[in-house]
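Before any comments, here is the structure.
The values are calculated or read from the model by the stated rules, or taken from the named source; none is laboratory data. Predicted, not measured: the structure shown is a model, and the values here were computed from it. No Cβ is skipped: glycine too gets one built from the backbone with ideal geometry, and neighbour counts run over all protein chains shown.
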Amino acid sequence: MKDVSFGQYYPVDSAIHRLDPRLKLLFLIAFIVVIFVANSFWGLLVCAGVLLLAVLLSHIPPWKVLRSVRGVIFLVLFTAVINVFFYAGETVYWSYGVITVSKEGIIFSVFLVLRLVLLVICSSLLTYTTTPVALTDGVESLLYPLKLIRFPVHELALIMSIALRMIPVLTEETGRIQNAQKARGADFESKNIVTRIKAFIPVLVPLLISALRRADELGEAMEARCYMGGKTRTKYKKLRFGWGDLVAFLIGAAMLAGVILLRVYVGGVL
Amino acid sequence: MRIVAEHLTYTYNEGTPFAARALDDVTLTIEEGEFFGILGHTGSGKSTFVQHLNGLIRLPSSQKHPKKRRAKRGEVLPPAPVLRVGEFDLTDRKTDFTALRKKVGIVFQYPEQQLFAETVKDDVAFGLKSFADKKSQPSAEEIERAVREALTAVGLSYEEVAEKSPFDLSGGQKRRAAIAGVIVTKPEVLILDEPAAGLDPLGKKEVARLLHSLHETWCKTVIIVSHDMDEIAENCTMSAVFEDGRVKYVLPPRELFKHADELLGMGLDIPLVAKLCRELSARGIEIDCDLTADGFVKAVLAKRGQA
Amino acid sequence: MENMNALEFENVSFAYEEGGFHIDKLNFSVAEGELVAVLGHNGSGKSTLARLSNGILTADSGTVRVFGEPLGQKNLYEIRRRVGVVFQNPDNQNVASVVEDDVAFGAENIGLAREEIGRRIDFALSAVGMGSFRNATVARLSGGQKQRIAIAGVLALRPDIMILDESTAMLDPRGRREIVDVVLRLNREEKMTVLMITHYPEEALLCDRAIVMNRGEIVMQGTPAEIFGRHEELLTYNLDLPRIGKLCKTLQEGGMSVRDTLDIQILADDIAKELTCGS
């Protein structure tokens with residue numbers, strides 16, 4: 001009965017939670033661009049500052065946000081170490097065969113770590129403060145122009161919406177079937193990888209059968225409610241752009257401008 | 001196997017904003033040989049409780065890295081939970097949970113949804129093979145004999161269904177086959193979560209009959225989790241009522257339904273016979289009987305005989 | 001003026017491609033405002049009836065009429081709007097994770113304006129007693145609540161007829177009671193015509209009329225009291241009496257003179273009379 005209906009969503013009320021999901025999505029994209037545009041520690045400091053402000057405003061305990069980094073820290077450090085050893089810099093401190101440790105390599109790796117950490121924090125802040133439903137609406141709305149080139153935006157959004165509805169149902173079902181097979185001696189914790197993979201067949205087969213049955217029934221239920229494709233459909237929920245969104249937009253824009261100005265006038269270390 | 005639970009507490013999603021207390025200081029003993037009914041609403045904790053009994057939900061102390069709670073200053077820690085099923089101590093992490101699961105079978109709600117193998121025989125044999133050691137897998141003859149016995153015990157004919165795909169069976173047959181897949185290892189305790197859910201009235205009657213015959217010939221203790229009061233009243237020797245994660249009553253059904261007002265207040269129904277006894281009591285007639293229809297008729301006829 | 005039939009089957013025949021039973025020249029009608037139970041054991045064809053009524057299945061021959069209008073390809077969606085169907089599994093009917101989005105789905109499909117959809121959501125949710133759950137997450141609701149949301153999703157289309165296809169079969173007693181209450185209220189207060197497909201005899205007792213199906217045929221029709229009065233016949237269709245009816249029979253077999261009744265008060269009176277008269 002693990003709750004996954006909200007993804008990572010952390011249900012508190014805050015200015016960040018209330019922001020338009022489209023803006024948050026755009027902000028994430030802009031943020032990613034900015035941290036890679038930033039080529040000085042000052043630039044990254046600006047980014048980190050803005051992010052810190054967002055975290056503080058979100059009413060989510062900062063340790064919770066930091067925890068999201070824990071999952072990828074190994075990957076980040078690994079990449080950094082690789083870069084330290086293989087980055088071809090000019091100021092070489094130490095070298096052995098193809099491995100060289102240079103000043104540029106170290107700086108580059110530190111940047112990389114900082115960038116990735118900021119990136120992970122920013123994207124988990126998005127999922128912490130936005131329900132999957134709002135995210136779907138945001139994606140649909142942002143993709144709207146693609147309708148002009150006949151991209152099935154509506155169908156895509158409907159599929160995402162149904163998927164979100166079904167994730168908790170199927171997760172619960174997986175848990176139930178897994179428990180049922182465990183009660184019949186199935187071993188999901190075996191150290192032997194083959195045993196473990198084999199153990200999932202008795203879970204996957206019933207799950208697949210049930211998913212197909214569910215899809216069938218859902219289709220009927222949708223038809224019964226007059227579903228006939230996206231053509232004549234109207235939409236009840238409209239996303240609204242409010243004052244808070246404007247302020248956030250301005251902060252985001254200021255950050256972008258600040259980092260670009262830093263890059264142009266102050267110059268970077270890379 | 002006698003089941004003893006004391007001070008059992010369990011919270012789903014502990015430490016998150018979605019935390020939900022499912023069991024709250026549950027103490028309950030189930031004697032060997034009982035046909036035990038656990039009553040309560042969806043979400044009352046009854047399913048969580050039975051999943052403890054074969055270690056599907058582990059007590060904190062039996063997990064790989066047991067977390068010890070230290071008392072903060074001035075805080076009194078709740079008493080340590082006790083959970084014993086026969087000779088198994090479920091609070092101990094050295095307990096052999098696989099051996100336990102072999103002795104305590106659970107049939108989940110809509111068990112037909114767990115069928116997966118190509119033939120009914122393979123499906124029923126699944127438990128048999130997976131509980132057995134790698135080195136001492138049962139022989140083909142042993143498997144056939146055990147599957148035949150299990151299918152016969154649930155009222156299916158081996159010749160008719162063994163080689164069929166489980167998905168070609170009728171709804172009722174599927175459920176029986178799934179139950180056979182649990183009892184094939186001869187568990188001493190059989191737990192069934194809403195065994196009659198979704199069946200029509202005749203199907204329900206057949207399931208009740210099946211459970212009685214299993215109780216008599218196959219598994220010493222049968223525990224059913226149900227919200228059908230008549231099902232409990234007609235079948236069980238002992239019953240417990242769960243509400244909001246706590247045990248409210250542990251009584252034989254005929255005693256239990258003397259608390260009709262409290263049960264109704266909890267939003268639970270009471271069996272028809274109990275309702276009728278109440279109505280008669282309001283008309284000045286006291287009938288003391290067990291809560292099966294037959295018991296009631298007997299008591300009424302006896303009363304008329306006296307008069 | 002002749003009383004208009006809300007739903008009418010005239011010589012409707014239908015067979016599944018994969019075989020099994022088939023429906024042959026089925027005739028029946030449901031009057032406007034009526035509450036009708038359809039009883040039958042699993043596989044008796046009662047669910048096929050629901051799917052033929054709103055054009056999810058198309059009859060091989062014969063005519064299905066909704067308020068006099070024959071169902072055809074042209075008016076398919078109009079008929080679907082007027083004949084709402086609620087299905088069995090509470091988890092397989094919602095398309096959205098949030099209650100109001102899900103209730104809006106049907107109304108969005110028929111292209112209503114935003115404000116109107118909002119009004120319909122208000123109406124539908126309050127009709128099923130879920131007004132305060134507008135922003136709730138569907139996954140966190142109980143089975144009965146999910147099923148009420150499914151009813152609300154159908155109500156948002158403002159149908160004239162509602163068909164419940166074993167909508168209580170997967171619910172616990174509390175959920176079942178919730179659904180029955182909603183259905184009774186819709187029928188009595190909103191004058192909704194309701195067809196309730198069920199295998200609970202207790203639910204049939206609450207209806208104006210009951211239809212019994214067996215192997216694709218209508219084999220019995222009448223008030224619930226009439227139907228349950230024909231006990232032997234019911235048994236041949238693999239159906240049974242409500243528990244109270246059975247208790248009456250057992251008492252009679254024991255020599256008690258109690259009436260055949262489905263009312264607990266009457267039964268209690270009869271037993272009381274029998275026990276006090278003698279003394």
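Conditions tested, residue by residue: (1) under 23 Å from B:Leu211 (Cα atoms); (2) not charged (D, E, K, R).
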site	(1), (2)
B:Thr42	yes, yes
B:Phe49	yes, yes
B:Ser62	no, yes
B:Thr91	no, yes
B:Arg101	yes, no
B:Tyr110	yes, yes
B:Gln114	yes, yes
B:Glu118	no, no
B:Lys121	yes, no
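Taking C:Gly153 as meeting all but one of (1) at pLDDT 95 or above; (2) in contact with a strand residue (DSSP E or B) (Cβ under 6 Å, 6 or more places away or on another chain), write down the number of the exception.
It is condition (2) that C:Gly153 fails.
Given the condition out of contact with any strand residue (DSSP E or B) (no Cβ under 8 Å at 6 or more places or on another chain), under 30 Å from B:Gln51 (Cβ atoms) and either within 14 Å of another protein chain (Cβ to nearest Cβ) or at pLDDT below 85 (or both), answer yes or no: does some residue in the stretch A:135-150 qualify?
Scanning the stretch A:135-150 turns up no residue that is out of contact with any strand residue (DSSP E or B) (no Cβ under 8 Å at 6 or more places or on another chain), under 30 Å from B:Gln51 (Cβ atoms) and either within 14 Å of another protein chain (Cβ to nearest Cβ) or at pLDDT below 85 (or both).
Can you list residue pairs whose Cβ atoms sit under 8 Å apart, with the first residue in the stretch C:11-23 being among the β-branched types (Val, Ile, Thr) and the second being surrounded by 17 or more Cβ atoms within 10 Å (Cβ to Cβ) and part of a loop (DSSP other than H, G, I, E, B)? Count only pairs 6 or more apart in sequence or on different chains.
Close Cβ pairs (under 8 Å, with a partner that is surrounded by 17 or more Cβ atoms within 10 Å (Cβ to Cβ) and part of a loop (DSSP other than H, G, I, E, B)) amount to C:Val12/C:Ala59; C:Ile23/C:Gly45; C:Ile23/C:Gly216.
Look through the stretch B:193-210, keep the residues that are in contact (Cβ under 8 Å) with a residue 60 or more places away in the chain and in contact with a helix residue (DSSP H, G or I) (Cβ under 7 Å, 6 or more places away or on another chain), and return whichever of them is nearest to C:Leu241 (Cα to Cα).
Step by step, filter the stretch B:193-210, then rank; the result is B:Pro195.
I'd like the full set of residues that are surrounded by fewer than 13 Cβ atoms within 10 Å (Cβ to Cβ) and in a helix (DSSP H, G or I), limited to the stretch A:87-108.
Answer for the stretch A:87-108, where residues must be surrounded by fewer than 13 Cβ atoms within 10 Å (Cβ to Cβ) and in a helix (DSSP H, G or I): there is none.
Name the helices (runs of 4 or more DSSP H) wholly within the stretch B:35-145 that hold at least 3 residues that are modelled with pLDDT of 90 or more and more than 30 Å from B:Asp168 (Cβ to Cβ)?
Helices (runs of 4 or more DSSP H) meeting the threshold: B:46-53, B:97-103.
Exactly one condition in (1) within 27 Å of C:Asn238 (Cβ to Cβ); (2) in a loop (DSSP other than H, G, I, E, B); (3) touching a Gly at 6+ places or on another chain (Cβ under 9 Å); (4) not small (Gly, Ala, Ser) is false for C:Gln73; which is it?
(1)
With part of a helix (DSSP H, G or I), under 19 Å from the mean Cα position of the chain (by Cα) and without any contact (Cβ under 8 Å) to a residue 60 or more places away in the chain as the only criterion, which of A:Leu146, A:Leu126, A:Leu116, A:Leu135 stands out?
The match here is A:Leu116.
Quick one: which residue in C:Ser29, C:Ser53 is in contact (Cβ under 8 Å) with a residue 60 or more places away in the chain, in contact with a strand residue (DSSP E or B) (Cβ under 6 Å, 6 or more places away or on another chain) and within 24 Å of C:Lys191 (Cα to Cα)?
C:Ser53
Could you pull out the residue among C:Gly55, C:Gly62 that is of a type outside the set (D, E, K, R), at pLDDT 90 or above and outside any strand (DSSP E or B)?
Sole residue among the options that is of a type outside the set (D, E, K, R), at pLDDT 90 or above and outside any strand (DSSP E or B): C:Gly55.
Go through (1) facing another protein chain (nearest Cβ under 9 Å); (2) assigned to a loop (DSSP other than H, G, I, E, B); (3) within 17 Å of the chain's Cα centre (by Cα); (4) more than 26 Å from C:Phe21 (Cβ to Cβ) for C:Leu206 and report which single condition fails.
Among (1) facing another protein chain (nearest Cβ under 9 Å); (2) assigned to a loop (DSSP other than H, G, I, E, B); (3) within 17 Å of the chain's Cα centre (by Cα); (4) more than 26 Å from C:Phe21 (Cβ to Cβ), C:Leu206 violates only (1).
Taking the options B:Leu202, B:Leu210, B:Leu214, name whichever one is in contact with a Leu (Cβ under 7 Å, 6 or more places away or on another chain) and assigned to a helix (DSSP H, G or I).
Going through B:Leu202, B:Leu210, B:Leu214 in turn, just one is in contact with a Leu (Cβ under 7 Å, 6 or more places away or on another chain) and assigned to a helix (DSSP H, G or I): B:Leu214.
Read through the list (1) within 27 Å of C:Ala15 (Cα to Cα); (2) at pLDDT below 95, then give the number of the only condition that C:Ile161 fails.
(2) is the only condition that C:Ile161 fails.
Hey, among C:Leu171, C:Leu157, C:Leu186, which residue is over 20 Å from C:Arg243 (Cα atoms) and part of a loop (DSSP other than H, G, I, E, B)?
Just a single option satisfies the conditions, and that option is C:Leu157.
A quick yes/no check of all residues on (1) over 18 Å from A:Val133 (Cβ atoms); (2) more than 10 Å from every other protein chain (Cβ to nearest Cβ); (3) assigned to a helix (DSSP H, G or I):
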| residue | (1), (2), (3) |
| --- | --- |
| C:Asp102 | no, no, yes |
| C:Phe105 | no, no, yes |
| C:Glu108 | no, no, yes |
| C:Leu112 | yes, no, no |
| C:Glu116 | yes, no, yes |
| C:Arg119 | yes, yes, yes |
| C:Leu125 | no, yes, yes |
| C:Gly129 | yes, yes, no |
| C:Gly144 | yes, no, yes |
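If you scan the stretch B:108-145, which residues turn out to be small (Gly, Ala, Ser) and facing chain A (nearest Cβ under 9 Å)?
Matches in the stretch B:108-145: B:Ala117, B:Gly127, B:Ser130, B:Ala132.
Suppose we filter C:Thr198, C:Thr193 for residues that are surrounded by 21 or more Cβ atoms within 10 Å (Cβ to Cβ), within 23 Å of B:Glu234 (Cβ to Cβ), β-branched (Val, Ile, Thr) and in contact (Cβ under 8 Å) with a residue 60 or more places away in the chain; which single one remains?
C:Thr198
So if I check each of B:Pro138, B:Pro111, which one is surrounded by 10 or more Cβ atoms within 10 Å (Cβ to Cβ), touching a residue at least 24 places away in the same chain (Cβ under 8 Å) and assigned by TED's automatic domain parsing to the domain that holds B:Arg176?
Every option except B:Pro111 fails the conditions.
Counting only residues that are outside the structural domain of B:Gly43 (by TED's automatic domain parsing), give me the helices (runs of 4 or more DSSP H) lying completely in the stretch B:225-282 with at least 3 of them.
Those helices (runs of 4 or more DSSP H) span B:272-282.
Hey, among the residues in the stretch C:131-142 that are of a type in the set (A, V, I, L, M) and more than 7 Å from every other protein chain (Cβ to nearest Cβ), which one's surrounded by the fewest Cβ atoms within 10 Å (Cβ to Cβ)?
My answer is C:Ala136.
Determine whether C:Val95 is of a type outside the set (Gly, Ala, Ser), in contact with a Phe, Trp or Tyr (Cβ under 7 Å, 6 or more places away or on another chain), more than 10 Å from chain A (Cβ to nearest Cβ) and not in a helix (DSSP H, G or I).
Criteria not met by C:Val95.
Is at least one residue of the stretch B:175-184 assigned to a helix (DSSP H, G or I), within 14 Å of chain C (Cβ to nearest Cβ) and either touching a helix residue (DSSP H, G or I) at 6+ places or on another chain (Cβ under 9 Å) or surrounded by 23 or more Cβ atoms within 10 Å (Cβ to Cβ) (or both)?
Yes - at least one qualifying residue is present in the stretch B:175-184.
Each row is one residue, and each column tells you yes or no for (1) small (Gly, Ala, Ser); (2) under 18 Å from C:Arg82 (Cβ atoms).
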site: C:Tyr16; (1), (2): no, no
site: C:Ser29; (1), (2): yes, yes
site: C:Glu32; (1), (2): no, yes
site: C:Val36; (1), (2): no, yes
site: C:Gly43; (1), (2): yes, no
site: C:Thr48; (1), (2): no, no
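Considering each of A:Phe241, A:Phe249, A:Phe200 in turn, give the residue that is within 14 Å of chain B (Cβ to nearest Cβ) and aromatic (Phe, Trp, Tyr).
Going through A:Phe241, A:Phe249, A:Phe200 in turn, the sole match is A:Phe200.
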